[in-house]
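Laboratory data are not the source of any read-out in this text; all were calculated from the coordinates shown. Just so it is clear, the structure is predicted and the values come from calculations on it, not from any experiment. Positions of Cβ are backbone-derived with ideal geometry, glycine not excepted, and every protein chain shown enters the neighbour counts.
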Amino acid sequence: MAASAPYPPEWEADVVLSDGGTAHLRPILPDDRQRLVDFYARVSDESKYLRFFAPRPVLSEADLDRFTIVDHDERVALILTVGTEMIAVGRYDRIPGSADAEVAFLVQDDQQGRGVGQLLLEHLAQVARERGVGRFVADVLPQNSRMVAVFADAGYHVKRSYEEGMVVVEFPIEPSETSTNVMLRREHRAEAASVRRVLTPHQIAVLAPDRVRSAVTGSMPGFAGSVITLDQATGKIDQVVISSAIDSIEEVVRRSAEVGAHSIVVLGDAGQLAATQLIELARSHGLRAVGPNSLGLINTSTGLNLTPLQSPRPGTLGVFCQSTAIGVMLLSKLEAQSLGISSFVSTGPLSDVSVNDVMQYWSDDPATTVCLLSLDSIGNPRKFTRIARRLARTKPLVVLAPSRSRHHSIGEPEGPQAAPPEAIDAIYRQLGVIVCRKRDEMLDVAEVLTRQPLPQGRRVAAYANSSSLLRQMASFATHRAGLDCVEAQSVPTADDLVAAVRAGLEREDTDAVIAAHVDVYSDSAQGFHDALSELARTSEKPVLGVFVDFTTVAGPTSSPDGSGTLPVFEGYGDALQALARAADYQEWLTADHGVVPELGRRAAAARGIVEEALTEANDPLARVVLDPDRTAALLAAYGITLVPRTPVATLQEALDAAAALPSAVIKATEPALRASPDLTAVFRHISGAEQVRQAWTELGRSVAGAGLGGPEDQVAAGPVVQKQGEPGVSVRITSVEDPAYGPVLGIGLSGIASELLGDLAYRVPPLTTADAESMLRDLKGAPALFGRFGAPPVDTDGVADLITRVAQLADDLPQAAEILLTPCIASHDGVEVMGARIVLTARPGSRDPLSRSLQ
C-alpha cells in the first residue's frame with residue numbers, strides 16, 4: 001500500500017439527492033468501522049450479492065480493515081451519511097502500474113432511486129482525476145442493470161464487454177461536454193425538487209411564542225395543510241418554523257429530524273448558534289434550512305405564508321431577498337402596487353437554501369414568469385452566473401444590484417481581488433440580467449414584464465391629453481430612455497385618447513404604446529383607466545398608462561395578477577425607463593449568443609502544476625507568483641504558446657542571448673520600472689553587439705532613475721531578452737478572481753488606453769464565440785484591431801481565441817487569482833503572447849467548479 005496521504009477535508013460536501021433530500025459526503029475513516037457494520041446490516045442479501053458476486057452476510061475483520069483503512073490516494077472510499085447513519089459507500093482501487101482504477105458502490109436498499117450512485121460516481125471521478133487516475137473499470141453482474149445504468153447514464157464514453165459471465169465496463173473519467181451536461185441537468189432537477197419541497201409543505205409544526213404562532217396561522221387562511229405546534233407532532237412533519245425565542249435550537253433541529261421534517265425555517269436569529277453552525281447542524285441531520293434571520297416564505301398557489309404580510313396577491317412574480325429589511329420594503333411596495341407574486345423566499349444573510357437553489361426552482365415553476373433578486377452576497381459565483389444565464393433565456397431576471405466592488409488593479413502585488421463597477425455592468429449585460437439601482441425601478445420593470453408582452457423593438461407611440469406633457473414624454477423617450485418615438489399625438493379628451501391608443505396599436509411601425517392622462521378634477525381618470533385596461537388585456541404589444549391627477553386609479557385586485565393587466569404609473573419617466581429595460585431584454589433574447597467552443601486542453605496537467613506550486617509554498621494564505629517555466633507550462637496546457645524569453649544578469653549574458661536571435665528585445669520585468677512613464681524599460685529591434693551594449697547602458701540609467709540602484713545595477717530591472725515580435729497591435733488580457741462574481745475577464749489595448757483611461761471590455765466564463773467577438777468590438781480602440789485609415793485588420797479571430805482560452809483556464813482553476821498576458825502582439829496573420837504573469841492563491845473549496853454540492 002502507498003504511504004497514506006493526509007485526510008482530505010476538501011473532499012467533504014453537503015449534497016442534494018434527486019428527490020430534494022440532503023446528505024453529507026466525506027472520505028471514510030477508521031472510526032467508521034462500527035458505522036459500516038451497521039450500514040451493512042441494513043443492506044439486503046441481494047444487494048450484497050450484486051456487490052461481491054457471492055453470498056457475504058457479514059463483513060469479516062479483514063474486510064473492515066480493508067474498507068475503512070485507505071490511503072486517500074491509490075485507495076479511496078467516500079461515504080454518504082444522513083444524520084449519524086451511513087447510507088452508501090463508493091470506492092476505487094488503483095490498478096498497480098497503470099492509470100486505471102477499479103470502482104464499486106454499495107447503496108442501502110431504501111436509499112436506492114435517489115441518485116446516490118450518480119453522486120458517488122461524480123465525486124469519485126473528481127477525486128480520481130486529482131490523483132492522476134484517467135480511467136475507471138468495473139466488473140458487474142449481468143443482472144445488476146441498475147449499476148450498469150449508473151455508468152451508462154453518466155455521460156462518459158462507456159465501453160462494455162463480456163468476460164467469463166461478467167459485464168466489464170470501462171470509461172475515461174475526464175469530463176466531456178456530454179458528462180458535464182448530464183451532471184448539470186441532475187443538479188438542476190435535484191435542487192429544484194429540494195426548494196419545491198421547502199415551498200410546498202403539507203404539515204407544518206411551529207415552535208414559537210404565542211404571538212408569533214398566532215401571526216403565522218392567521219396569515220394563512222387559505223393554506224390547505226395543517227399547522228400545529230412541534231409538541232403536538234405525532235406523525236410525519238414536512239417543515240418546522242422556529243422563532244428566535246427558542247432556548248436550545250440544537251435540540252429543535254434534532255427533534256425536527258426525528259419527526260421526518262425536510263426543512264426548517266428560522267424566522268429570527270439562532271440564539272448563541274452562529275449561522276454557519278446552524279447550516280452545518282441542519283445539513284448533518286439531512287434538513288434544508290431557511291434562515292436564520294429569515295422574513296419567511298410565501299407560495300400563493302398553496303396558501304403558504306410565513307411572513308407578516310397579510311393575504312399577498314397571487315401573481316407570477318418570484319421574489320428572493322436576503323436582508324429582512326429589504327424584504328419588508330419589497331413586500332410593502334408589492335402590496336402598494338397590487339403586484340401579485342407566485343413565491344417569496346427570504347433567507348437572511350447566510351442560509352443553507354441559496355439564491356442558486358431558488359433560481360433552479362424558478363426555472364421549472366410554471367407559476368413564475370418573472371424573477372426578482374435582491375442580493376447582499378453570492379456564495380458560489382461561478383454557479384450563480386451559470387444558472388442566471390440559463391434562467392434569463394426563459395424568464396426575465398431582474399436584480400437589485402448589490403454594492404459595487406472597489407476598483408483593483410491587477411498589477412498590485414497584494415490585496416483582495418474585486419471587479420471595477422463597469423465590469424459588473426458588463427457581466428450582467430452578458431448574462432441577460434436586468435439590473436436596477438433602486439427598489440422602485442425594480443418593481444416598475446417587474447410590473448411591465450409581468451403584465452404586458454415584451455416589446456419586439458424600440459419603436460414607441462406616445463399619446464397624451466396635454467401637449468406640454470407630450471413634448472416632455474417624446475423627448476424623454478428619445479434622449480433619456482433610448483427609445484424611438486415614432487408618433488407623438490396630443491388629443492383633447494379621454495375618449496379621443498383611447499381611440500388614438502387603439503389606432504397606435506394597429507400601426508405596423510410601433511412596438512409599444514404609452515398614454516398619459518391629466519385629470520385635474522378627477523372627472524375621467526378611472527373611466528380612461530378602465531378603457532385602456534380593456535385594450536391592454538388583449539394587446540400583443542405592451543400598453544402603459546400614466547395618470548397625472550389627484551386621485552388613485554385602480555383595477556380589480558381580488559383576482560390574480562398577471563398577463564393582460566394594465567401597468568399604471570404616476571410619472572412618464574418611470575414608465576418609459578421600465579419599457580426601455582424590457583426592450584433591452586428582448587434584444588438580448590433575440591441576439592445571436594454564439595456557442596462555447598470546444599478547446600483542446602490538458603486540465604489534469606494544469607491542476608497538477610497548480611497543486612505542486614501551492615504545495616511548495618506551504619502557506620494557505622500565500623499569493624504564489626508562478627515562475628516562468630510553470631507559467632509557460634500552465635498556458636501551454638490550454639493551447640497558449642508563450643514566446644520564450646531568457647533572463648540575463650550581465651552584459652555578456654545579454655550579448656549571448658541576443659546573438660541567437662535575428663532581432664531581439666531587451667526589457668525590464670521589474671514592475672516599478674515598467675510602471676514609470678518617464679523611464680525606458682523596453683528596447684526593441686536590437687541587432688548586433690553595439691546595439692545590445694547601448695540598450696544595456698540605457699537600462700542602467702533607467703534603474704538609477706527609478707531609484708532601484710546605480711547605473712551598473714541593471715540586474716535590479718529583472719532584464720530578459722526575447723525575440724522581436726511581428727509588427728502589430730499590442731493587446732492586454734487579464735483575469736481577476738472576484739469574490740462575488742468569480743473570474744472576470746478583461747481585454748484592452750496595451751498602454752494608456754486600458755491602464756489609465758479604462759478602455760477595457762469585461763465578461764465572465766464560459767465565453768461563447770459571440771462573447772469574445774463583442775469584447776473586441778466594445779473597445780473604444782476597436783478600430784485599431786479591425787482596420788483603420790486603410791490599414792488591414794489584425795487577426796481578430798486569433799485574439800478572440802486567445803481570450804476564450806484564458807477564460808477556460810480561469811474557469812477551470814479557481815486558484816488562478818490573477819492572470820495577466822501582456823503584451824500580446826496581434827498582427828494580420830496571428831497573435832504572439834510575449835509576456836505573462838499568473839498569481840495563485842489556495843482557495844478553500846476551490847476544486848472542480850462543476851462538482852455538485854451545496855455552497
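What label, among (i) 0.97; (ii) 1.25; (iii) 1.03, belongs to Rg/Rh (Cα atoms, Kirkwood Rh) computed from the structure on display? Only one listed value fits the structure, namely (iii). Applying both filters, DSSP loop and at most 16 other Cβ atoms within 10 Å, to the GluC sites (Glu not before Pro) of the range 685-746 gives GLU712. Ignoring the sites themselves, the chain has its longest run without chymotrypsin sites (Phe, Trp or Tyr not before Pro) in a DSSP loop having at most 12 other Cβ atoms within 10 Å at 1-520. Note on the chain: dipole from Cβ charges, positive end direction compared against PRO221, PRO8, ALA125; the farthest Cα belongs to PRO221. The label point for ALA622 and the one for ALA499, both projected 7 Å from the Cα toward the Cβ, are 8.3 nm apart. Couplings 3J(HN,Hα) of the range 525-536, computed from phi: 4, 5, x, 5, 4, 5, 5, 5, 4, 5, 5, 5 Hz, in residue order, whole Hz [Karplus 6.51 cos²θ - 1.76 cosθ + 1.60, θ = phi - 60°; x for Gly and Pro]. Partners of LYS541 within straight-line reach, counting lysines whose Cα lies under 29 Å from its Cα and excluding those fewer than 8 residues away in the same chain: LYS333, LYS395, LYS438. Helical content alone sets the calculated 222 nm signal of the chain at -11000 deg cm²/dmol, taking -39,500 (n - 2.57) per DSSP H segment of four or more residues and averaging over every residue. When the GluC sites (Glu not before Pro) in the range 584-648 are filtered for DSSP coil states and for at most 15 other beta-carbon atoms within 10 Å of their beta-carbon, the remaining sites are GLU598. When you filter the trypsin sites (Lys or Arg not before Pro) in the range 710-796 for DSSP loop state and at most 16 other Cβ atoms inside 10 Å of their Cβ, you are left with LYS780, ARG788. Entry note, the chain: relative contact order of 9 percent, from Cα contacts under 8 Å with a spacing of 6+ residues.
Packing around the peptides 442-454, 654-666, taken as the average count of other Cβ atoms within 10 Å per residue, puts them in this order, highest first: 442-454, 654-666. In order along the range 571-582, the phi-based Karplus estimate (6.51 cos²θ - 1.76 cosθ + 1.60, θ = phi - 60°) of 3J(HN,Hα) comes to x, 5, x, 4, 5, 5, 5, 5, 5, 5, 5, 5 Hz; Gly and Pro are listed as x.
When +1 charges are put on Lys and Arg Cβ atoms and -1 charges on Asp and Glu Cβ atoms, the dipole computed for the chain relative to its Cα centre reaches about 420 debye.
Quick one: length gained pulling GLN691 to SER676 fully straight, 0.36 nm per residue minus the C-alpha distance? Walk me through the numbers before you get to the answer.
Values: separation 15, 0.36 × 15 = 5.40 nm, distance 2.29 nm.
Gain on extension, GLN691 to SER676, equals 3.1 nm.
Centre-to-centre, using Cα atoms only, the range 537-590 and the range 153-181 are separated by 53 Å. The aspartates and glutamates within cross-link reach of LYS159, meaning a Cα-to-Cα straight distance under 13 Å and a gap of 8 or more places when in the same chain, are ASP139, GLU170.
Computed across the range 9-173, the Kirkwood hydrodynamic radius from all distinct Cα-Cα pairs reaches 16.1 Å. Pair-distance distribution P(r) for the range 458-566, from all Cα-Cα distances in 10 Å bins starting at 0: 15, 48, 32, 5 percent.
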